[in-house]
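The values are calculated or read from the model by the stated rules, or taken from the named source; none is laboratory data. Please read these numbers as outputs of a predicted model, since none were measured by experiment. No Cβ is skipped: glycine too gets one built from the backbone with ideal geometry, and neighbour counts run over all protein chains shown. In case anyone asks, the SASA skips ligands and DNA or RNA and just uses the protein heavy atoms, side chains included. Shrake-Rupley method; radii C 1.70, N 1.55, O 1.52, S 1.80 Å.
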Amino acid sequence: MATAAYDDEKRGTTMVQRPTERELVTADGVNVRVLRSARRRRTVSGVWKDGAAVISIPATLSLRQENDWVDRMVPDILARRAKALGKFGENADTELMQRAQRLNRKYLQSRAEPLSVKWVTNQNTRWGSTSTGSGAIRLNHRLQQMPSWVQDYILVHELAHLIAEDGHGPQFKALEARFERLDEAKAYLWGVSFGMAQEQETEGTHRGPPRAGSGPGDREGADGAGGWDEEPADDWTD
C-alpha cells in the first residue's frame, strides 16, 4: 500500500509514514475508509459510498487527528443518511428504484447504493442529479417522454457517481462507458437540448436546457491558519 510522509510526527531523524488509505471497522460495526490527499489543505469531507463511511482528510494530519475525525464524522454520515431516507424516501418511485437496481447489477456489479430514486419537476438545468452524501437520485420529469434507453443511460450515469471518486474523471467515465448505448444516448440528449435552446431563444427566455453537466467544483479551502473545515454535508452532482 502506498504511503505518505507526515511532517507533524517525527522520532529523531526518522519521519513517520502512514498509509494514504486506511480501512477499519468501528465498535458499532460500521465499515470506514479514510483517504488522505496531498491536495487537501484545510477541508475534511465524509460520504456514504460502496457500503462504507468514506472520510477524506488532508495528508498532513496526524494519526490522532485522523482518529478524532473518524469519531466525529461517522455518526454525522450515518445521521445524514438516516435523515435523507426520511426526506428523499418520501414519494420515491418504487418502480424507478427497482429499475435502477437492475441497471446497477447489470453494469456496476451492484456497487452503487442509491437511497432513493424519483422523478422531479423542479430540475430545470439537469437531466439528473445525485447526492453523493445521501445516495438520493433525482431525474428530470422530461425524461419520461424519451426512449427507455435514454432514461437508462441517465440512471447509469447517476449511479456511477455513487461509486466514482473523481467527479467526471477517468474512473467515472470508465464506469459510464459500460452502458452500450452511451454515445447514442448522449447524441439524443444533445439534440433535445439543442432544440430546447433554439425554442427558448425564439421565445426570448435564457434559462438554458437541461444537461448531463460537469462535475462539482473544487471546494478546497485556501492554505492558511484557522484549523480544519468540514466540507458542506450534502453535495449534489449531475
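Points to keep in mind about this one:
- Computed from the Kirkwood radius of its Cα pairs, the Stokes-Einstein diffusion coefficient for the stretch 116-161 at 4 °C and 1.567 mPa s stands at 122 µm²/s.
- Based on protein heavy atoms only, the stretch 106-179 ends up with 35 Å² per residue of surface accessible to a 1.4 Å probe.
- For the cross-link pairs Lys83/Lys173; Lys106/Lys186; Lys49/Lys118, the ones whose C-alpha atoms lie over 25 Å apart are Lys83/Lys173.
- Inter-label distance for Asp183 and Thr60, nm, one decimal - labels placed 7 Å from Cα along Cα-to-Cβ: 4.6
- Cβ-Cβ FRET estimate between Glu165 and Thr125, R0 fixed at 30 Å, reported to 0.05: 0.75
- Centre separation in Å (Cα based) which lies between the stretch 135-153 and the stretch 46-65: 32
- Residue-span extension gain [Asp93 to Asn31] - 0.36 nm each, minus C-alpha spacing: 19.5 nm
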